[in-house]
Amino acid sequence: MSRADALLVVDVQNDFCPGGALGVAGADGVAERVAELLAGEHGYRLVVATRDMHVDPGAHFSDTPDFVDTWPVHCVRGTAGAELRPELAGVHFDAIFDKGAFEAAYSGFEGRLAAGEGEGAALAEWLRAAGVRSVDVVGIATDHCVRATASDALREGFVTAIRADLTAAVDPQRGRAALDELATDGAEIRGHLQS
């Protein structure tokens, strides 16, 4: 059972899983484990997803990516690669926040509510309006979007935990370093990053 008010499921999208434009080793397992968690009595009052949803993010896309600041084309709005993984098809999300349409965006807190009441609201604003004080963060990738989302959750004043066993890193060494950095900043790290 959860100790947090809300679960933030970060960028569990087709393009970030094996076979996608930016497939991360183990990301398909993350999708399966997150779906299993949410199929049962998970204890979260709210479950939120974030998605990379690019239109033209400028220099974020590159034909010669460095895989730190520049990347191959991925998660383009209207493509199958931008969709949430099929494992999450039966999951009820209370809200979905899209980010990165016209610029690089790593943190879910850069996203805007994709649809529904309050469409266009920022994630922090939406969580506060819902009375959320604490969040657990899971998803892809530990060393990029999960790190940025958890860091911003801390900065926004939310009690923050990362369920490391429900994340996958582009680079496991950088993933472990990101978790160490987040712990130093005040986040609780639960479980272990899968190598």
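The values are calculated or read from the model by the stated rules, or taken from the named source; none is laboratory data. Keep in mind that what you see is a predicted model, and the values were worked out from it rather than measured. Cβ coordinates were reconstructed from backbone atoms using ideal geometry, including for glycine residues, and neighbour counts include every protein chain displayed. Ligands, DNA and RNA are stripped out before the accessible areas are found, and what is left, the full protein with its side chains, is counted by its heavy atoms. Shrake-Rupley method; radii C 1.70, N 1.55, O 1.52, S 1.80 Å.
Okay, here's what the table says:
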{"quantity": "Residue in region 104-113 that is under 14 Å from A141 (Cα atoms), buried (at least 17 other Cβ atoms within 10 Å of the Cβ) and not hydroxyl-bearing (S, T, Y) present", "calculated": "yes"}
{"quantity": "Restricting region 154-184 to residues that are assigned to a loop (DSSP other than H, G, I, E, B) and within 17 Å of A4 (Cα to Cα), the residue that is least open to solvent (accessible area, probe 1.4 Å)", "calculated": "F158"}
{"quantity": "Residues (open to solvent by less than 80 Å² (accessible area, probe 1.4 Å) and within 15 Å of F16 (Cβ to Cβ)) located in region 77-93", "calculated": "T79, A80, G81, A82, L84, R85, E87, L88"}
{"quantity": "Region 104-128, residues that are at pLDDT 90 or above and part of a loop (DSSP other than H, G, I, E, B)", "calculated": "A105, Y106, S107, G111, A121"}
{"quantity": "Strands (runs of 3 or more DSSP E) enclosed by region 1-100 - at least 2 residues per element that are in contact (Cβ under 8 Å) with a residue 24 or more places away in the chain, within 17 Å of A115 (Cβ to Cβ) and among the charged types (D, E, K, R)", "calculated": "46-52, 95-99"}
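Quick grid of which residues meet (1) on the phi < 0 side of the Ramachandran plot; (2) open to solvent by 40 Å² or more (accessible area, probe 1.4 Å); (3) of a type outside the set (G, A, S):
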residue	(1), (2), (3)
L8	yes, no, yes
G19	no, yes, no
L22	yes, no, yes
A31	yes, no, no
E36	yes, yes, yes
A39	yes, yes, no
